[in-house]
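A quick write-up on the structure given underneath.
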Amino acid sequence: MPADLTGTDIYRPETGEFVFQPGPIFNSLILADEINRAPAKVQAAMLEAMAEKQVTAGRKTYQLPTLFLVMATQNPLEQEGTYPLPEAQLDRFLLKLNVDYPEADSELNILKINRGEARGTAVSDPVKVTQQETFDARNEVLDIHMADKIEQYIIRLTMATRKPGVYGDKLGKWLQLGVSPRATLALDRCARAHAWLAGREFVTPKDVQKMARSVLRHRLILTYEATASGISPDHVVDELLQRVAAA
């Protein structure tokens, strides 16, 4: 039930009062494994939390932790008994990553790590990051310089999804609805983060292009004709990057 996630008011007979019992969503990191197996009502319980960083129960609103992140997985191969996430829910996720089969070296590492866990011995100690270090990194990302022409490039990309016919008949036939302003904000933030991770103090068009698929693929709504023809959101993003000039 939604209350199992957000929490609910519990009646205490010894005091005759209702006391709010927080749910698991009040943690800093939420991992929703195979979120599309949760019923629609449970999925909807996360809308306010992901957008406003708060939960309303009854007549009161409770703030979530300052460090708050939701990660979710979906199994794209098995659709039996699943509930597709609505567009409004998908739009609240910053990125959508496609995880393929691991390479041979990665598979070998998985084997060794699993064997170590079974024996109760860690293969390697994970690097620990404090909350303050995370907040400092966020501020550094926001301080990365982005030139006006890069901002205009991001705007042209998002606008192209809303008026695809301007950029060719293909895009006009493939796209039913474009992305929301959240996509613009996400592409800005992710391009800055990509530049920061690369050790640069400024954003380039390549940073925007590198993050475009992950930011846009779950926000594009394709036409029936595109879906029936086997056109994927990634294919549409690639076409956008070819059609929209970077400068």
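Numbers at a glance
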quantity	calculated
Selected residue (criterion: surrounded by the fewest Cβ atoms within 10 Å (Cβ to Cβ)) from residues of the range 194-247 that are among the aliphatic types (A, V, I, L, M), in contact (Cβ under 8 Å) with a residue 40 or more places away in the chain and more than 19 Å from E151 (Cα to Cα)	I221
Any hit, the range 4-12, residues being under 29 Å from Q79 (Cα atoms) and of a type in the set (A, V, I, L, M, F, W, C)	yes
Residue check, Q176 surrounded by 12 or more Cβ atoms within 10 Å (Cβ to Cβ), outside the structural domain of T223 (by TED's automatic domain parsing) and touching a residue at least 24 places away in the same chain (Cβ under 8 Å)	no
From G58, G116, residue being more than 28 Å from W174 (Cβ to Cβ), of a type in the set (G, A, S) and in contact with a Phe, Trp or Tyr (Cβ under 9 Å, 6 or more places away or on another chain)	G58
Matching option when the condition is touching a helix residue (DSSP H, G or I) at 6+ places or on another chain (Cβ under 8 Å) and under 12 Å from V236 (Cα atoms), among G172, G165	G172
Spans of helices (runs of 4 or more DSSP H) in the range 40-158 with at least 1 residues in the same structural domain as R213 (by TED's automatic domain parsing) and exposed (fewer than 11 other Cβ atoms within 10 Å of the Cβ)	131-142
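Yes/no per residue for (1) at pLDDT below 90; (2) of a type outside the set (S, T, Y); (3) assigned to a helix (DSSP H, G or I):
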{"position": "G165", "(1), (2), (3)": "yes, yes, yes"}
{"position": "K170", "(1), (2), (3)": "yes, yes, yes"}
{"position": "V179", "(1), (2), (3)": "no, yes, no"}
{"position": "R182", "(1), (2), (3)": "no, yes, yes"}
{"position": "L185", "(1), (2), (3)": "no, yes, yes"}
{"position": "R192", "(1), (2), (3)": "no, yes, yes"}
{"position": "K206", "(1), (2), (3)": "no, yes, yes"}
{"position": "Q209", "(1), (2), (3)": "no, yes, yes"}
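The values are calculated or read from the model by the stated rules, or taken from the named source; none is laboratory data. Model, not experiment: these values are computed from the prediction. Don't worry about glycine lacking a Cβ; one is built from the backbone with ideal geometry, like all the others, and counts go over all protein chains shown.
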